[in-house]
Amino acid sequence: MSTRAESSQSDVAQYFNPMAPDQIEDPYPLYARMRRERPVFYSAPFDLWVVSRHADIAEVENDPSRFSSAGALDARSEPHPEVLQVLEQGYVRFVSMVQSDPPDHTRMRAVFGKALSAQRIAAMEPEIRATADMLLDRIVRDGKADLIQQFAYALPGLIICDLLGVPRSDMEQLKRWSDDKTLLMSATAPLEHQVEAAHGFIAMQRYFIEQLEERRKHPREDLLTLLVPQSMGGTAPLSHQEAVCNAMDLMAAGHETTMGLIGNGMWLLLQAPEQLRALREDLELLPNALDEMLRMESPIRGFFRTVISQTQLGGVQLPKGSRVFIVYASGNRDEERFSEPERFDIRRADARKHLAFGKGIHFCVGAPLAKLEGRIAFEHLLRRLPNLRLRTDAAAVRRPYFMLRGFEHLPIAWDPPVPV
Ligand code: HEM
């Protein structure tokens, strides 16, 4: 059995830094070493126990009685005092469903199960298709675009606005605030950026407080109306704070991740022309291809947990109160779970066994929407943009986040339609 001190001696532990440029570019060689040498280790600089094997991650996800989701989105447990000062202007504690444990989690999940039901999501298909076409109409004749900035973020961004019931014209502002929220939770940015982001975080809270008040006065057929708490005269068994936090989470979770899926998936296809060709020729392969994209390049590298009382994991003893980072992006390439895990294969029979949507009670409640958006996005991109390729005149740029994996810019080109 390893102790905390022994673990901190490990080279892998010393090298681990999700914000280092080489680990943002390509973390997979390190992940392979982690699984081989120290599947569970303590990282002193981040004060985190890092868990890299598929089986250990699944064990954590499946046992909320040992591993609490409190702080599941926070790389650090306590904000800096200057950040805290700003946050105190609003709700400081972020009490959304993803950060809660039973029985609170069970209560909140019932609300979202209804709001994001398969039936409700399936009914959005025509609207998602029309939005994808509208975005592609704007660029198709140019023969080139930045896939992220001109398509991949706008598609899920506009759809989550529709679902929540907020104006599409607010999307840009909501995206900036969502970025602030992500930056704040990574807690690795320079302090002045964190303080700035905290202001955005408070502004986003105020926005949703006003929106909920508006739904209280004038209920509509939208998700925000379903979140109006009983204490305000609505139907949701949520506190006001929970309603606000969950609305904020949905906005961020609803577009950042699917944007990652579209960008990462396109990157994978452009690296593997024979897979791209096979998919173009048979779009029926898309559902499995999407799972394989999520397995190979998980849009969320990992989430956090807190150890409720001293426990063992992977032969290592974890002290009470310690923070755990479960690295889905590593578990998804675990050679004990997947054969030839580094190979991208859109026909892989067990691609669905990936952990990119999590597992257990917190399994992504937005997965049906993400998959529908992903399927429509690739169907439309592959049908309308022939001879897709990466551009050589502009570079792909990855997003520098602790928890997320995706591109900020992905310049692509295709053969534009010949004018008639
Ligand atoms: C490809 C896209 C997506 C990925 C990779 C993804 C990933 C995940 C993961 C890994 C979790 C589990 C968190 C945990 O165990 O702590 C999760 C939960 C969640 N996701 Fe997603 N997600 C995606 C899309 C979406 C969308 C589109 C929405 C909203 C419409 C959404 C809303 C949520 C919510 C609310 C939870 C919390 C569920 C709970 O705690 O019970 N996600 N997601």
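The values are calculated or read from the model by the stated rules, or taken from the named source; none is laboratory data. These figures come from a predicted structure and were not determined experimentally. Positions of Cβ are generated from backbone atoms using ideal geometry, with glycine treated the same way; all protein chains shown enter the neighbour counts.
The table that follows gives values for the structure above.
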| read-out | value |
| --- | --- |
| Selection from region 397-420 of residues that are touching a helix residue (DSSP H, G or I) at 6+ places or on another chain (Cβ under 7 Å) and under 30 Å from PRO190 (Cα atoms) | ARG398, PRO400, TYR401, PHE402, MET403, LEU404, ARG405, GLY406, PHE407, GLU408, HIS409, LEU410 |
| Residues of region 59-94 satisfying the condition of being over 24 Å from the mean Cα position of the chain (by Cα) and either buried (at least 20 other Cβ atoms within 10 Å of the Cβ) or aliphatic (A, V, I, L, M) (or both) | LEU84, VAL86 |
| Qualifying residues in region 182-216 (those that are under 26 Å from ILE121 (Cα atoms) and among the charged types (D, E, K, R)) - the one surrounded by the most Cβ atoms within 10 Å (Cβ to Cβ) | ARG215 |
| Residue in region 205-221 that is polar (S, T, N, Q), in contact with a helix residue (DSSP H, G or I) (Cβ under 6 Å, 6 or more places away or on another chain), within 16 Å of the ligand (Cβ to nearest atom) and within 28 Å of GLN149 (Cα to Cα) present | no |
| Any hit, region 172-180, residues being touching a residue at least 40 places away in the same chain (Cβ under 8 Å), farther than 22 Å from ARG301 by Cα and among the aliphatic types (A, V, I, L, M) | yes |
| Qualifying positions in region 217-238 - surrounded by fewer than 21 Cβ atoms within 10 Å (Cβ to Cβ), outside any helix (DSSP H, G or I) and of a type in the set (Gly, Ala, Ser) | GLY233, GLY234 |
| Subset of region 317-349 that is under 18 Å from the mean Cα position of the chain (by Cα) and outside any loop (DSSP other than H, G, I, E, B) - its residue that is nearest to LEU270 (Cα to Cα) | ALA329 |
| Tabulated pairs, region 339-366, first within 24 Å of ARG33 (Cβ to Cβ) and within 13 Å of the ligand (Cβ to nearest atom), second in a loop (DSSP other than H, G, I, E, B) and among the hydroxyl-bearing types (Ser, Thr, Tyr), C-beta under 7 angstrom, 6+ apart or interchain | ALA356/SER298 |
| Spans of helices (runs of 4 or more DSSP H) in region 239-299 with at least 3 residues at pLDDT 95 or above, among the aliphatic types (A, V, I, L, M) and within 16 Å of the ligand (Cβ to nearest atom) | 240-271, 286-296 |
| SER96 being free of Cβ contacts under 8 Å to residues at least 24 places away in the same chain and within 13 Å of the ligand (Cβ to nearest atom) | no |
| Selection from region 384-403 of residues that are out of contact with any strand residue (DSSP E or B) (no Cβ under 6 Å at 6 or more places or on another chain) and free of Cβ contacts under 8 Å to residues at least 60 places away in the same chain | PRO386, ASN387, THR392, ASP393, ALA395 |
| First in region 294-310 and over 17 Å from ALA370 (Cα atoms), second anywhere and in a helix (DSSP H, G or I), Cβ under 6 Å, 6 or more apart | GLY302/TYR328; ARG305/VAL60 |
| Test: residue in region 155-168 that is among the aliphatic types (A, V, I, L, M) and more than 30 Å from PRO229 (Cβ to Cβ) | yes |
| Qualifying residue in region 107-126 (condition: within 14 Å of the ligand (Cβ to nearest atom), in contact with a Ser or Thr (Cβ under 7 Å, 6 or more places away or on another chain) and not in a helix (DSSP H, G or I)) | no |
| Test for ARG35: is it among the charged types (D, E, K, R), modelled with pLDDT of 95 or more and buried (at least 20 other Cβ atoms within 10 Å of the Cβ) | yes |
| Number of positions in region 368-389 that are surrounded by fewer than 16 Cβ atoms within 10 Å (Cβ to Cβ) and within 7 Å of the ligand (Cβ to nearest atom) | 0 |
| Region 372-407: number of residues that are modelled with pLDDT under 95 and within 15 Å of the chain's Cα centre (by Cα) | 6 |
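Residue-wise test of (1) within 13 Å of the ligand (Cβ to nearest atom); (2) farther than 23 Å from ILE202 by Cβ; (3) of a type in the set (Phe, Trp, Tyr).
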| residue | (1), (2), (3) |
| --- | --- |
| ASP146 | no, yes, no |
| LEU158 | yes, yes, no |
| VAL166 | no, no, no |
| ASP170 | no, no, no |
| SER178 | yes, no, no |
| LYS181 | no, no, no |
| MET185 | yes, no, no |
